[in-house]
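Let me begin by presenting the structure, written as structure tokens, before commenting on it.
The values are calculated or read from the model by the stated rules, or taken from the named source; none is laboratory data. Remember, it's a predicted structure, so these values are computed and weren't measured experimentally. Counting neighbours? That spans all protein chains shown, and the Cβs are built from the backbone with ideal geometry, glycine included. Ligands, DNA and RNA are stripped out before the accessible areas are found, and what is left, the full protein with its side chains, is counted by its heavy atoms. Shrake-Rupley method; radii C 1.70, N 1.55, O 1.52, S 1.80 Å.
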Amino acid sequence: MNIFICDDDENIISQLSTYIQEYFKKNKLKCPTLIPCCSGETLLSSQQHPDIVFLDIEMPGMSGITTAAKLKELNPHVIIFIVTSFMEYLDSAMEIHVFRYLNKPIDTLRLFRNLKDALRIYNAQSRQIAIETKSEVYTAYTHDIIFVESREHKITVYTTNGSYSSIHSINDWVNKLNGLSFFQTHKSYLINLKYVCHFTHDTVYLYDNRFQAYLTRRKYTLFKNTYLLYLDSTK
């Protein structure tokens, strides 16, 4: 994992680096590579792949908002923290789906709490899983799985790259994807909350409305609450 800290103020870079190292040490985790840079241009030209980015808004040259937008174009899964004392940029930051908006001076407790959420999402996105069929084994990232369906004793795993007939049961898939952003809406459907477009009391629409999954009515309230919490965690 690469964590970039992009700010034209060296004191902020040093402070954030110290806090991030403290978080990993406190939680007995290996600290990722921390990469400082002083401008959006430097960040975007780096040969190293950014996974998590702490990004100032007002910098010489390219603004943080423009930099964030370009990062998202290159990698929609990059996790971006906007770090600034200028709240008027909040709406612009939210439009490009940054992960969190942190105020200067940095509140360490809030930083640690949000960093924990960011790592959870990063680990979910970067995890690979095997899809075993009768003839082959495919590898997919969990964030590319749209849903798993059980129909007429056949298990199909639908991904953004195609569908696969799995030899494993729906319960096996529930166990495999436990703790990630998946919800079993019905005994025959396990869906990825990431791809939900909208839902009614008995149907969930997925992936630009290309797919539908049954939603058991008794699970409606739990599903709605879980989905709203999921959305809140990605803001």
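Listed values, structure above:
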read-out: Close pairs (7 angstrom Cβ cut-off, 6 or more residues apart or separate chains): within 18 Å of ILE155 (Cβ to Cβ) and touching a residue at least 24 places away in the same chain (Cβ under 8 Å) in region 192-215, open to solvent by 50 Å² or more (accessible area, probe 1.4 Å) and of a type in the set (Asp, Glu) anywhere; value: TYR214/ASP202
read-out: Residue list for region 7-31, restricted to those being in contact (Cβ under 8 Å) with a residue 12 or more places away in the chain and of a type in the set (A, V, I, L, M); value: ILE12, ILE13, LEU16, ILE20
read-out: Among residues of region 214-224, those that are closer than 8 Å to HIS186 by Cβ and either open to solvent by 80 Å² or more (accessible area, probe 1.4 Å) or under 22 Å from the mean Cα position of the chain (by Cα) (or both), counted; value: 1
read-out: Filtered residues of region 199-213 (kept if open to solvent by 50 Å² or more (accessible area, probe 1.4 Å) and of a type in the set (S, T, N, Q)); value: THR200, ASN209, GLN212
read-out: Hits in region 48-61 (condition: of a type outside the set (Asp, Glu), within 25 Å of ARG120 (Cα to Cα) and open to solvent by 10 Å² or more (accessible area, probe 1.4 Å)); value: GLN48, HIS49, PRO50
read-out: Filtered residue count, region 10-39, keeping only those that are out of contact with any strand residue (DSSP E or B) (no Cβ under 6 Å at 6 or more places or on another chain), of a type outside the set (Ser, Thr, Tyr) and surrounded by 14 or more Cβ atoms within 10 Å (Cβ to Cβ); value: 7
read-out: Region 154-167, residues that are open to solvent by 20 Å² or more (accessible area, probe 1.4 Å), within 20 Å of the chain's Cα centre (by Cα) and of a type in the set (Val, Ile, Thr); value: THR160
read-out: Residues of region 187-198 that turn out to be open to solvent by 50 Å² or more (accessible area, probe 1.4 Å) and touching a Phe, Trp or Tyr at 6+ places or on another chain (Cβ under 7 Å), as a count; value: 2
read-out: Qualifying residue in region 225-234 (condition: closer than 26 Å to ASN75 by Cβ, surrounded by 12 or more Cβ atoms within 10 Å (Cβ to Cβ) and touching a Leu at 6+ places or on another chain (Cβ under 7 Å)); value: yes
read-out: Residues satisfying the stated conditions in region 160-172, i.e. more than 23 Å from ASN209 (Cα to Cα) and not aliphatic (A, V, I, L, M); value: SER166, HIS168, SER169, ASN171, ASP172
read-out: Conditions (1) within 30 Å of VAL83 (Cβ to Cβ); (2) in contact with a Ser or Thr (Cβ under 6 Å, 6 or more places away or on another chain); (3) among the hydroxyl-bearing types (Ser, Thr, Tyr); number of the one not met by THR142; value: (2)
read-out: Residue match in region 172-186 (condition: among the polar types (S, T, N, Q), free of Cβ contacts under 8 Å to residues at least 12 places away in the same chain and open to solvent by 60 Å² or more (accessible area, probe 1.4 Å)); value: yes
